[in-house]
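Undergrad: Have a look at the structure that comes next, please.
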Amino acid sequence: MPSGLLTRGEWLVAARLQLQNAGVDNAHQEAEYLLCHLLQKNTAYLYAYPEVALATQQQTQLASWLAERLAGKPLAWILGEWDFWGLTLEVSPATLIPRADTERLVELALALAIQSKAKVLDLGTGTGAIALAIKKERPDWQVDAVDFKLDAVNLARKNARQLQLDIRVWQSDWWQQIPPKTYDLILSNPPYIHPQDPHLIQGDLRFEPQTALVGGNDGLQAFRDLLEPIQHRLVKGGYLLVEHGFDQATAIAELFTLGKLYGVQCHTDYAGQPRVTQGYKL
Ligand code: GLN
């Protein structure tokens, strides 16, 4: 980074180079995010006034964020928030950072033929991302969300308050604290990574909670737990939709079939990988 005070444009170039050299994929975009976050403006504003010099304090703040990022800290945690389905969600080290991939699960859920006033459950809600996106699109649906971590519950509730979306969130280790009621739609992006997956020691995954990422000994345990009581949890015709790894579609289809779900179907994500499976109770 050159010394002295930089203009916004100069800072962007210098930051991009440093991020690039550190192996960050979207170096340019990440540099923009940091500067936009500092100025509380959008990118159009950055490029409208690139020649404006940064104040000392601003440059110091940016330098400290950049250092954190170069040390690997997820960008979302530095910003303290992340966008999902057009909603800005507060994020924290207690949960998984919402992924754009998971928007596919939301999209597929919204495409189902489901009655108005449907009862929906999001298992392992984390930031509340899935539940909040669904509530935003279907205000007449009653949306419940659980997470086994109290910090996640508090975060999801806070996000719901901030977005003024009326969902119910409580603490439950999968089904344990969920009262015996049935749902029209059950959604989950559970931990599904195999414990030996090398991705766990790369990128953001190094920092995110293992409990939100690793699905037991073979990556599939959470799906078994979810499916175990599924016949008592879905109404007739009710759907289960889960996100899973690109190489788990066959195993998930078997588990859905074992759980006596019908119409088992796997959908691809935006990159063309088989990542979301659905099935319904007959
Ligand atoms: N999709 C995430 C990843 O690969 C994993 C999410 C999960 O385990 N639920 O980074």
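Undergrad: Starting from the Cα-Cα distance between Q40 and D151, subtract it from 0.36 nm times their residue separation and give me the gain in nm to one decimal.
TA: Values: separation 111, 0.36 × 111 = 39.96 nm, distance 2.69 nm.
Full extension of this stretch gives 37.3 nm more.
Undergrad: How much of the pair distance distribution for region 87-226 lies past 19 Å, counting alpha-carbon pairs only, in percent? Working shown, then result.
TA: Working: 4821 of 9730 pairs.
Considering region 87-226, 50 percent of its Cα-Cα pairs are separated by more than 19 Å.
Undergrad: At 0.36 nm per residue, minus the direct Cα-Cα distance, what do E228 and Q115 gain on full extension? Give it in nm, one decimal, please.
TA: On the way: separation 113, 0.36 × 113 = 40.68 nm, distance 2.52 nm.
Net length gain for the segment: 38.2 nm.
Undergrad: Rounded to whole Å and ordered largest first, report the semi-axes of the equivalent ellipsoid of region 171-225 derived from its Cα gyration tensor (root of 5λ). Don't jump to the answer; show the numbers that get you there.
TA: Values: eigenvalues 137, 26, 19 Å².
Semi-axes (√(5λ), whole Å): 26, 11, 10.
Undergrad: Further question on the same structure: Fully extended, how many nm does the chain gain between T257 and E107 (0.36 nm per residue separation, minus their Cα-Cα distance)?
TA: Details: separation 150, 0.36 × 150 = 54.00 nm, distance 2.33 nm.
In short, 51.7 nm is gained.
Undergrad: Region 1-156: percent of C-alpha pairs farther apart than 27 Å? Could you put the intermediate results ahead of the total?
TA: Details: 4537 of 12090 pairs.
Counting pairs separated by more than 27 Å, the tail of P(r) holds 38 percent.
Undergrad: Set the Förster distance to 45 Å, then compute FRET efficiency between Q61 and H267 from the Cβ-Cβ distance, nearest 0.05. Let's see the in-between values first.
TA: Details: r = 42 Å, r/R0 = 0.94.
Computed FRET efficiency for Q61 and H267 comes out at 0.60.
Undergrad: Right, next: Would you calculate, for the chain, the mean residue ellipticity at 222 nm contributed by helices, counting each DSSP H stretch of 4 or more residues as -39,500 (n - 2.57) and dividing by all residues, to the nearest 500?
TA: Values: 11 runs with 106 residues, N = 282.
It lands at -11000 deg cm²/dmol.
Undergrad: Right, next: Sort 6-17, 266-277 by packing, meaning the average of other beta carbons within 10 Å per residue, with the highest value first. Before the final figure, lay out the partial values.
TA: Numbers: 6-17: 18.2, 266-277: 16.8.
Going from most to least packed, we get 6-17, 266-277.
Undergrad: Treat the count of other C-beta atoms within 10 Å as a stand-in for reagent exposure and order W82, W170 from fewest to most. Display every interim value, and only then the final one.
TA: Details: W82 21, W170 16.
Taking fewest neighbouring Cβ atoms as first place, the list is W170, W82.
Undergrad: What are the semi-axes of the equivalent ellipsoid of region 195-282, taken as the square roots of 5 times the eigenvalues of the Cα gyration tensor, listed largest first and rounded to whole Å? Could the numbers behind the result be given before it?
TA: Values: eigenvalues 132, 44, 22 Å².
Here the semi-axes work out to 26, 15, 10 Å.
Undergrad: Provide, as a two-decimal number, the C-alpha radius of gyration of the chain over 2.2 N^0.38 Å, N being how many residues it has.
TA: Here the Cα radius of gyration is 1.11 times the empirical estimate.
Undergrad: So what's region 29-92 giving for Cα Rg divided by 2.2 N^0.38 Å, two decimals?
TA: On the way: Rg = 12.3 Å, N = 64, 2.2 N^0.38 = 10.7 Å.
Cα-based Rg divided by the globular estimate yields 1.15.
Undergrad: Right, something else. Dipole size in debye (nearest 20) for the chain around its Cα centre, Lys and Arg Cβ +1, Asp and Glu Cβ -1?
TA: Numbers: 25 positive and 31 negative charges, 156 e Å.
Using Cβ point charges on Lys, Arg, Asp and Glu, the chain gives about 740 debye.
Undergrad: Moving on to the next point. Place a point 7 Å from Cα of Q142 in the direction of its Cβ. Which residues in region 162-189 have their backbone N less than 17 Å from it?
TA: Counting backbone N atoms under 17 Å from the label point, the list is 166-170, 178-187.
Undergrad: If you don't mind, there's one more thing I want to ask. Lys/Arg Cβ at +1, Asp/Glu Cβ at -1, dipole of the chain taken about the Cα centre: which of V146, L96, Y49 is farthest positive-ward?
TA: V146
Taken together, the values in this text are just the output of simple stated rules run on the coordinates, not laboratory data. Since this is a predicted model, take the numbers as computed values, not measurements. Please note: Cβ atoms are built from the backbone with ideal geometry, for glycine as well, and neighbour counts cover all protein chains shown.
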